[in-house]
1. Hey, can you tell me all the residues within the range 14-28 that are within 9 Å of F69 (Cβ to Cβ) and either of a type in the set (D, E, K, R) or in contact (Cβ under 8 Å) with a residue 60 or more places away in the chain (or both)?
2. Here is a list: Q54, Q45. Which entry is over 14 Å from I111 (Cβ atoms) and touching a residue at least 12 places away in the same chain (Cβ under 8 Å)?
3. Being touching an Asp or Glu at 6+ places or on another chain (Cβ under 7 Å) and more than 15 Å from T95 (Cα to Cα) is true for just one of G73, G64, G23. Which residue is that?
4. Working only within the range 13-44, note down all residues that are within 18 Å of A85 (Cβ to Cβ) and in contact with a helix residue (DSSP H, G or I) (Cβ under 8 Å, 6 or more places away or on another chain).
5. Go over the candidates I40, I76, I31 one by one and state the one that is on the phi < 0 side of the Ramachandran plot and free of Cβ contacts under 8 Å to residues at least 12 places away in the same chain.
6. Which residue pairs have Cβ atoms under 7 Å apart, sit 6 or more places apart or on different chains, and have a first residue in the range 88-101 that is over 14 Å from H60 (Cα atoms) and a second that is acidic (D, E)?
7. Restricting the search to the range 44-92, which residues are surrounded by 17 or more Cβ atoms within 10 Å (Cβ to Cβ), among the hydrophobic types (A, V, I, L, M, F, W, C) and farther than 30 Å from A12 by Cβ?
Amino acid sequence: MIKSKQLIPRFAEAISRLGGDEGLLREMAAITSADLPEVINETDQALCAGKSDQAASGLHKLKGMLSTFETGGATIEIEEMLSFARHREVAKAKTKFDHHRSEIDELVAEIALIATESFCGSGFQPALPIRFRKP
C-alpha cells in the first residue's frame with residue numbers, strides 16, 4: 001500500500017504553490033475529497049444524458065477541485081473536455097472523459113489518501129465525512 005509520504009513528490013508543485021505548507025495541502029485534500037465522488041458521478045451522468053450545460057458545470061467544478069493538487073495530467077484533459085461541453089460537443093467530451101477516467105480516479109484516490117492521513121492520530125474529526133468511491 002502506498003503511504004501518503006510517498007505521494008508528496010507528486011504534489012510537490014501544489015505544496016510549493018501553498019508556500020511549502022504540506023499540512024494545508026492535506027487539509028484541503030480532506031475538504032475536497034468529500035465532494036469529489038459526487039461531482040464525478042454527476043458529471044458522468046450529465047455526459048451520458050447529453051446535457052452540455054450540466055456537463056460543463058460538472059467539468060468546471062472537477063477541474064477546479066483537482067487543479068489545487070495537480071495542474072498537469074488529468075486536469076489538462078478535463079480542460080479540453082470542458083471546451084467540448086461548452087461547444088455542445090458532449091459526445092467528444094464523454095469519449096475523452098471515459099478514456100481518462102482511470103487517471104482521474106487515481107488522482108482522486110491519492111488525494112483521499114493524503115486527506116485520510118492528515119488527521120490520523122491528531123484527534124481531529126473533519127466536519128464533513130470523507131466518502132470513498134468503491135472500485
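The values are calculated or read from the model by the stated rules, or taken from the named source; none is laboratory data. Please read all numbers here as calculations on a predicted model, not as lab measurements. For neighbour counting, all protein chains shown are included, and Cβ atoms are generated from backbone atoms with ideal geometry for every residue, glycine included.
1. Result: L25, single match.
2. Every option except Q54 fails the conditions.
3. Being touching an Asp or Glu at 6+ places or on another chain (Cβ under 7 Å) and more than 15 Å from T95 (Cα to Cα) holds for just one of G73, G64, G23, which is G73.
4. V39, I40, E42, T43, D44
5. I76
6. K96/E77; K96/E80; H100/E77
7. Within the range 44-92, A46, L47, A55, A56, F84, A85, V90 meet the criteria.
Residues checked against (1) assigned to a helix (DSSP H, G or I); (2) farther than 29 Å from I114 by Cβ; (3) touching a Gly at 6+ places or on another chain (Cβ under 9 Å); (4) at pLDDT 95 or above:
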{"position": "E38", "(1), (2), (3), (4)": "yes, no, no, yes"}
{"position": "T43", "(1), (2), (3), (4)": "yes, no, yes, yes"}
{"position": "C48", "(1), (2), (3), (4)": "yes, yes, no, yes"}
{"position": "A56", "(1), (2), (3), (4)": "yes, no, no, yes"}
{"position": "K61", "(1), (2), (3), (4)": "yes, no, no, yes"}
{"position": "E70", "(1), (2), (3), (4)": "no, no, no, no"}
{"position": "M81", "(1), (2), (3), (4)": "yes, no, no, yes"}
{"position": "F84", "(1), (2), (3), (4)": "yes, yes, no, yes"}
{"position": "A91", "(1), (2), (3), (4)": "yes, yes, yes, yes"}
